[in-house]
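The structure appears below as structure tokens.
The values are calculated or read from the model by the stated rules, or taken from the named source; none is laboratory data. Computed from a predicted structure; not experimentally measured. A quick note on method: Cβ atoms are made from the backbone with ideal geometry, for glycine too, and the neighbour counts reach across all protein chains shown.
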């Protein structure tokens, strides 16, 4: 279903208009998806998950306010973060993320709200970002993928323009609803490569792995992780047969190296709808699925996204 009204780190924020003294309550993280302790003040109450925020991760914010608001926005790591009101739990919420290159440190998230009476309210919370530990692996692929021919370089350049256009046209409204689920329903699936791995192709470090790889046989059904609109479904040089789904508010999921495409650009897909079959097309060392999560130009860890407890809408 679509959502037209105004969520790889995601953040949840709650705001209360009660006249409370400014205070910050901190507690050790017990679970990756547990909500962070609330920061309460006269302006509001803010929570987020996961509690341990690391570079490369999504974050879900929630804000609860006792009186009606017209709007709520935030600025986080130079990104504009629009919040959506969740009627069921009376909170404003948004998904955001931390770039893989963000250094460890404390970073402010700055909120700007407008009350039902038109009053402007601003307040700031500080979030600690820690450095995740990512590994390096060596892979061997056909030489054309590390030293493309002039013809291949021309095709790659054209595809970069295509992808840039797709990335710039994401839907401002939220389309996702509820938790994101892994794109494969098989049990005991082996993860062959994690997010954030530095990858050496034929002896040279050429990229950082910006997704999650599932080691599954050729032809394994692949499913949409959540609701959204297909914005690309075609063969690309590096990605092979690729599907991109726009979930709204700058959030995309990308499914690569497919052997077969089951959807086309413009299709609206439901949560769990089949979108293709796994394969080894593009720059791949064997049959598998590579899934990536992209938020406002930043790639985020899919595994963390799948662990977040997100509201239905």
How many residues of region 131-142 are loosely packed, with under 13 Cβ neighbours inside 10 Å and either under 22 Å from the mean Cα position of the chain (by Cα) or at pLDDT 90 or above (or both)? The answer is 3
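Taking the condition under 20 Å from residue 168 (Cα atoms), out of contact with any helix residue (DSSP H, G or I) (no Cβ under 8 Å at 6 or more places or on another chain) and part of a loop (DSSP other than H, G, I, E, B), does residue 265 pass?
Working: under 20 Å from residue 168 (Cα atoms): yes; out of contact with any helix residue (DSSP H, G or I) (no Cβ under 8 Å at 6 or more places or on another chain): yes; part of a loop (DSSP other than H, G, I, E, B): yes.
Considered against the rule, which asks whether it is under 20 Å from residue 168 (Cα atoms), out of contact with any helix residue (DSSP H, G or I) (no Cβ under 8 Å at 6 or more places or on another chain) and part of a loop (DSSP other than H, G, I, E, B), residue 265 comes out as yes.
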Filter region 264-302 for residues that are surrounded by fewer than 19 Cβ atoms within 10 Å (Cβ to Cβ) and under 14 Å from residue 225 (Cα atoms) and give the result.
268, 270, 271, 272, 273, 274
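Matching residues to (1) part of a strand (DSSP E or B); (2) more than 22 Å from residue 95 (Cα to Cα); (3) modelled with pLDDT under 85; (4) in the same structural domain as residue 266 (by TED's automatic domain parsing):
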site: 144; (1), (2), (3), (4): no, yes, yes, yes
site: 152; (1), (2), (3), (4): no, yes, yes, yes
site: 161; (1), (2), (3), (4): no, yes, no, yes
site: 171; (1), (2), (3), (4): no, no, yes, yes
site: 182; (1), (2), (3), (4): no, no, no, yes
site: 200; (1), (2), (3), (4): yes, yes, yes, yes
Verdict on residue 243 being touching a strand residue (DSSP E or B) at 6+ places or on another chain (Cβ under 8 Å) and modelled with pLDDT of 95 or more:
yes
Test: residue 114 is modelled with pLDDT under 95, in a strand (DSSP E or B), more than 16 Å from the chain's Cα centre (by Cα) and surrounded by fewer than 19 Cβ atoms within 10 Å (Cβ to Cβ)
yes
How many residues, within region 80-111, are surrounded by fewer than 17 Cβ atoms within 10 Å (Cβ to Cβ), within 26 Å of residue 312 (Cα to Cα) and within 18 Å of the chain's Cα centre (by Cα)?
1
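Can you tell me how many residues within region 235-249 are part of a strand (DSSP E or B) and at positive phi? Give the steps one after another, and end with the answer.
Taking region 235-249 and keeping what is part of a strand (DSSP E or B), we get 235-236, 240-248.
Remaining after also requiring at positive phi: 240, 248.
Total meeting the criteria: 2.
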